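Taking it in order: structure first as structure tokens, then the write-up.
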Amino acid sequence: MKLVLYISTLVLFTGAFGQARHQSKSLENFPVEKISSDFRKLLERPAVNFNPSFQSFSTDSVVIEKGFIYTEKTEKVPILIYKPTTAGVKKFPVVICLHGTGGTKDEASITNLLYRLSKIGIMGVAIDARYHGERIKGGANNSKQYVEAITKAWENSGSHQQHPFFYDTVYDLWKLTDYLVTRPDVEASRIGMMGISMGGIETWMAASVDKRIKVAVPVIAAQSFRWSLENNKWQGRANTIAEVHKQAARDLGDSTVKKENVQLVWQKLVPGITGEFDCPSMIRLFAPRPLLLLSNEKDQNCPLEGARLAFKSATKAYKAKGALNRLAIHITLKEPHRFLPEHADMTIAWFKKWL
């Protein structure tokens, strides 16, 4: 019944796509075959040895591994793994689960997903995003260090530009996938990815480009950064890193945070985010792999009108490849930007069906 609900929701909201047709068309003008190479080139950096290190703890119902790998010379990525205890099974499908802004891999919303995945025979893997969780000495204080890192990147005037706002963690996800396919307990042809809010944005960015990710579920993450600027709906997204934008406004001689200085921050820290790397443009790359988009009607961070651009773009791409049965869109009515129990249920059901 839930799968029927997904498809019904997709049909229900298709009629609302037309109101944003002009902008969607312009984003769809970016050549699909060029987006992947452009994005990889933007994030390219020297390869390093993973130097993995893990400890394993067994319970009656799950095997838990805690450890890390290196994705760059100074980037040690903490990893949490929940592995099924299925007797006789040597290789497992994998789902990478990503937390939102200010969260960690160890928060209840993530560990609950990891555990539920393990109970259906899937290995659950989670990492701390850059400047979150164990990636901060002594543990991160909500998003304080994350905001500080983004502010520093904004004020950087040197030749080496960091991208702590989404992009650097996307690079980590590609390297994490590089590592996972080397593990003897991973079925390399069956890797999925899901994320919540910030983690959902990192999901559609990383998974659209990396075809080793066979199934994806971005949760409260579909949107259009360009639409939000053009329609004065950027405030929710900007408020996730409010102090960055306040500092940028001061640096630019502005008395308040406004569209023009927000746009300049995005242009520097997430270049291309209002163009070829915006969600309605990038989401096309995922077709025809199974994709579930979960959104909320009253989401202030990912306004539904902008999200509809991504829905329309994805629908067109999947239809062109004869794969509409592999695309589902669900919008929870009257809900703001938050992760709901039904999101977790639909996520687990999607991976169980397609992975």
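The values are calculated or read from the model by the stated rules, or taken from the named source; none is laboratory data. Everything numeric in this text was worked out from a predicted model, so none of it was measured. Heads up, the Cβs are rebuilt from the backbone with ideal geometry, glycines too, and the neighbour counts pull from every protein chain shown.
For this structure, a couple of remarks:
- Once segment 135-144 is narrowed to residues that are surrounded by 19 or more Cβ atoms within 10 Å (Cβ to Cβ) and at pLDDT below 95, the residue that is farthest from V244 (Cα to Cα) is A140.
- Any hit, segment 26-49, residues being under 30 Å from E305 (Cα atoms), in contact with a Lys or Arg (Cβ under 9 Å, 6 or more places away or on another chain), of a type outside the set (A, V, I, L, M, F, W, C) and without any contact (Cβ under 8 Å) to a residue 24 or more places away in the chain: yes
- Qualifying residue in segment 178-193 (condition: more than 25 Å from I69 (Cβ to Cβ), crowded, with 19+ Cβ neighbours inside 10 Å and among the hydrophobic types (A, V, I, L, M, F, W, C)): no
- Any hit, segment 226-241, residues being touching a Phe, Trp or Tyr at 6+ places or on another chain (Cβ under 8 Å), touching a residue at least 40 places away in the same chain (Cβ under 8 Å) and of a type in the set (S, T, Y): yes
Residue-by-condition table, conditions (1) touching a residue at least 12 places away in the same chain (Cβ under 8 Å); (2) surrounded by fewer than 21 Cβ atoms within 10 Å (Cβ to Cβ); (3) of a type outside the set (F, W, Y):
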| residue | (1), (2), (3) |
| --- | --- |
| L252 | yes, yes, yes |
| K258 | no, yes, yes |
| Q263 | yes, yes, yes |
| Q267 | no, yes, yes |
| I273 | yes, no, yes |
| S281 | yes, no, yes |
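- Of the helices (runs of 4 or more DSSP H) that lie entirely inside segment 277-355, not one contains 3 or more residues that are acidic (D, E), at pLDDT 95 or above and in contact with a Phe, Trp or Tyr (Cβ under 9 Å, 6 or more places away or on another chain).
- Unmet requirement for I191, which otherwise passes all of (1) in contact (Cβ under 8 Å) with a residue 40 or more places away in the chain; (2) farther than 15 Å from V95 by Cα; (3) touching a Ser or Thr at 6+ places or on another chain (Cβ under 9 Å): (2)
- Note on segment 210-255: enclosed helices (runs of 4 or more DSSP H) holding 1 or more residues that are hydroxyl-bearing (S, T, Y), touching a Gly at 6+ places or on another chain (Cβ under 8 Å) and within 12 Å of W266 (Cβ to Cβ) are 225-230.
- Per the listing Q235, Q223, Q161, the residue uniquely under 18 Å from G272 (Cα atoms), surrounded by fewer than 18 Cβ atoms within 10 Å (Cβ to Cβ) and not aromatic (F, W, Y) is Q161.
- Tabulated pairs, segment 93-108, first touching a residue at least 60 places away in the same chain (Cβ under 8 Å), second part of a loop (DSSP other than H, G, I, E, B) and buried (at least 24 other Cβ atoms within 10 Å of the Cβ), C-beta under 6 angstrom, 6+ apart or interchain: P93/I122; V95/I122; G100/S197
- Q300 passes every criterion in (1) within 22 Å of R226 (Cα to Cα); (2) over 16 Å from the mean Cα position of the chain (by Cα); (3) buried (at least 24 other Cβ atoms within 10 Å of the Cβ) apart from (3).
- Residue match in segment 98-117 (condition: over 18 Å from the mean Cα position of the chain (by Cα) and at pLDDT below 95): no
- Scanning segment 32-49 for residues that are part of a loop (DSSP other than H, G, I, E, B) and either surrounded by 10 or more Cβ atoms within 10 Å (Cβ to Cβ) or at positive phi (or both) yields a count of 3.
- Enumeration of residues in segment 283-297 that are buried (at least 20 other Cβ atoms within 10 Å of the Cβ), over 18 Å from K319 (Cβ atoms) and either of a type in the set (A, V, I, L, M) or touching a helix residue (DSSP H, G or I) at 6+ places or on another chain (Cβ under 6 Å) (or both): L294, S295
- Taken over segment 107-128, the criterion of being out of contact with any Cys (no Cβ under 7 Å at 6 or more places or on another chain), crowded, with 23+ Cβ neighbours inside 10 Å and under 20 Å from Y146 (Cβ atoms) is satisfied by I127, D128.
- Flag if T86 is in contact with a Phe, Trp or Tyr (Cβ under 9 Å, 6 or more places away or on another chain), farther than 29 Å from W266 by Cβ and modelled with pLDDT under 95: yes
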